[in-house]
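Taking it in order: structure first as structure tokens, then the write-up.
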Amino acid sequence: MEPFILHFQSFLFVLVRLLGLFIVAPFFSSESINFSLRMIFSFMISLIVYPVVSMYMPKIPEHMVNFGILIISEVLVGVFIGFIVSIVFAAFQMAGEFFNNQIGFGYTEILDPVTQNSLPAIGTIKNLMATAIFLVIGAHRFLIETLAYSFEKIRIVSFTAQVNGGMYKLIEEAIGAMFVVAFKIALPVMGILFLVSLAEGLMGKAAQQMNVMSLSFPLKVFIGTLTLIATITFVSSQMVQGIQISMDKANLLIREWPNP
């Protein structure tokens with residue numbers, strides 16, 4: 001019992017950083033996983049991680065207020081790492097919304113089991129597909145390993161000008177990468193639908209008696225759906241690349257974090 005009491009305060013640092021990660025990180029932050037399950041999972045993972053990272057724990061402050069500030073800073077570290085990784089999932093949803101209205105699915109909304117929000121059909125499919133890929137490639141395990149590594153590099157959080165500048169730059173790069181990934185995923189469907197719209201315009205000019213608008217909607221749905229099916233391998237590879245980029249950004253954050 002005595003070892004537990006001696007290490008309890010240091011153990012809390014590991015627990016709250018993991019909890020902060022699970023509040024924001026993809027899959028773990030799903031509304032279908034309630035807070036009690038996240039807390040239990042955080043506690044179980046902390047039991048595994050703590051013996052490995054215990055040597056990197058900061059000194060326990062004597063004053064309770066200082067201890068509370070340290071706890072809050074540990075939560076912020078976990079939240080920030082999870083946020084960097086979760087940005088790429090916004091790219092997948094954005095890619096679906098790029099061509100949602102073009103195909104004709106703009107008015108169809110279904111409940112996304114990951115976010116528990118009503119989203120357009122294509123965006124929801126992209127989200128579910130990305131979550132499945134996230135688990136299949138083992139990114140959830142890599143995310144926990146990254147957080148364990150963060151205890152070695154990020155001891156005490158101090159928001160100096162150098163730290164703030166680095167964080168802003170990293171967020172800027174991550175959001176820029178998000179738009180690039182979203183554009184790459186949406187490009188095949190958007191390109192083909194643009195050619196379909198161009199062909200419809202030329203047909204309307206060439207044969208004005210033909211009611212092109214009545215053919216436009218079913219034609220775009222048919223061609224857009226076929227293109228989605230044909231490019232699913234390409235989309236999967238781009239999603240894997242996007243998840244890897246987000247993991248690299250999280251590692252870069254930890255590796256280059258300046259310690260006082």
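The values are calculated or read from the model by the stated rules, or taken from the named source; none is laboratory data. Just so you know, these numbers come straight off a predicted model, no measurement behind them. Using ideal geometry, Cβ is built from the backbone for each residue, glycine included, and neighbour counts are taken over all protein chains shown.
So here's what we get for this one:
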item: For Ile245: the one exception among (1) of a type in the set (A, V, I, L, M, F, W, C); (2) at pLDDT below 80; (3) under 20 Å from the mean Cα position of the chain (by Cα); result: (2)
item: Any hit, the range 213-229, residues being at pLDDT below 80, among the hydrophobic types (A, V, I, L, M, F, W, C) and more than 34 Å from the chain's Cα centre (by Cα); result: yes
item: Subset of the range 52-89 [among the hydroxyl-bearing types (Ser, Thr, Tyr) and over 27 Å from Gly123 (Cα atoms)]; result: Ser54, Tyr56, Ser73
item: Residue match in the range 79-93 (condition: over 23 Å from Ile171 (Cβ atoms), of a type outside the set (Ser, Thr, Tyr) and touching a residue at least 12 places away in the same chain (Cβ under 8 Å)); result: no
item: Selection status of Ile71, assigned to a helix (DSSP H, G or I), more than 21 Å from the chain's Cα centre (by Cα) and surrounded by fewer than 19 Cβ atoms within 10 Å (Cβ to Cβ); result: yes
item: Verdict on Leu147 being touching a helix residue (DSSP H, G or I) at 6+ places or on another chain (Cβ under 7 Å) and either modelled with pLDDT of 80 or more or among the acidic types (Asp, Glu) (or both); result: yes
item: The range 17-42, subset surrounded by 19 or more Cβ atoms within 10 Å (Cβ to Cβ) and of a type in the set (Gly, Ala, Ser), residue farthest from Ser86 (Cα to Cα); result: Ser42
item: Unmet criterion (only one of (1) over 16 Å from Gly20 (Cα atoms); (2) modelled with pLDDT of 85 or more; (3) surrounded by 14 or more Cβ atoms within 10 Å (Cβ to Cβ)) for Ile45; result: (1)
item: Sole exception among (1) within 30 Å of Ile137 (Cα to Cα); (2) modelled with pLDDT under 75; (3) surrounded by 13 or more Cβ atoms within 10 Å (Cβ to Cβ) for Glu256, by number; result: (3)
item: Pair list, Cβ under 8 Å, 6 or more apart: the range 229-250 residue farther than 27 Å from Ile144 by Cβ, other residue part of a helix (DSSP H, G or I) and of a type in the set (Val, Ile, Thr); result: Thr231/Val189
